[in-house]
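Worksheet: the structure to be examined is printed underneath.
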Amino acid sequence: MPLTFDDLLARARALPSGGRRAVLGIAGSPGAGKSTLAERLVRELNGAGEPWVAHVPMDGFHLADAELDRLGRRDRKGAPDTFDAAGYAALLGRLREEDGDGGIVYAPGFERVLEQPVAGAVPVPPSARLVVTEGNYLLLETGAWARVRSRLDEVWFCGLTEAERIRRLVARHEQFGKSPGQARDWALGTDQRNADLVAASRHRADLVVPAGAVGG
């Protein structure tokens, strides 16, 4: 039988065990639906009761544009070396090690309109028994990214057809201010190079999630 969203809910719900906080990673290429899946999981698992699932996106670890300018990397923003990978790995380790005993853990967020990271924007309360984190490079084996996988209990990979992924990505770039031509050029240039890199790490995932399992 095909995988359903209810199957994903059950699998995620079972990750925390013995009172220990669990961290679930959702990986995939740009535009593959990582945020959509993460947000729906968190919403459905929390329901109307006391929130016990937190959402910590990787995007908060983008380097600021001023630093990208200093490093000469602004024209390929979104590539692996335009993030603070070591900082992201350290946060994931802290989320697991403190396990709710050290009070609120604050993670950085990302402002999509400004396309800039925002410090201390995402609170993870002690009551969070499951943390869902999502991003492109959770399965990479190079540099500081190699520290990330061992800090995640499971990693799911969003599987989406290339045509649909690119269509969604172009639409997202247009939504946040790029012209149609700029949006397509970025999606097929910088984004595509990153997507190819991410796709090569797919085999390290615990589960590949088909588009049909994400739903609304």
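Rule-based calculations on the coordinates, nothing more; no lab input. What you are looking at is a predicted structure, and each value in this text was computed from that prediction instead of being measured. Cβ placement follows ideal geometry from the backbone for every residue including glycine, while neighbour counts extend to all protein chains displayed.
Descriptive notes on the structure:
- P(r) of the chain over all Cα-Cα pairs, binned every 10 Å from zero, in whole percent: 8, 34, 38, 17, 2, 0
- Estimated [θ] at 222 nm from DSSP helical runs (n ≥ 4, -39500 (n - 2.57)) normalised by residues in the chain, nearest 500: -10500 deg cm²/dmol
- Convex hull volume per residue in cubic angstrom - Cα atoms of region 73-186: 129 Å³
- Ranked from largest, the principal axis spans of the Cα set of region 1-91 equal 46, 31, 22 Å.
- Once Rg and the Kirkwood radius are both taken over the C-alpha atoms of region 80-131, their ratio Rg/Rh works out to 1.01.
- Sites E97 and R74, calculated FRET efficiency, Cβ-Cβ separation with R0 35 Å, nearest 0.05: 0.50
- Gaussian network model of the chain, Cα within-10 Å springs - most flexible of A163, A54, A205: A163
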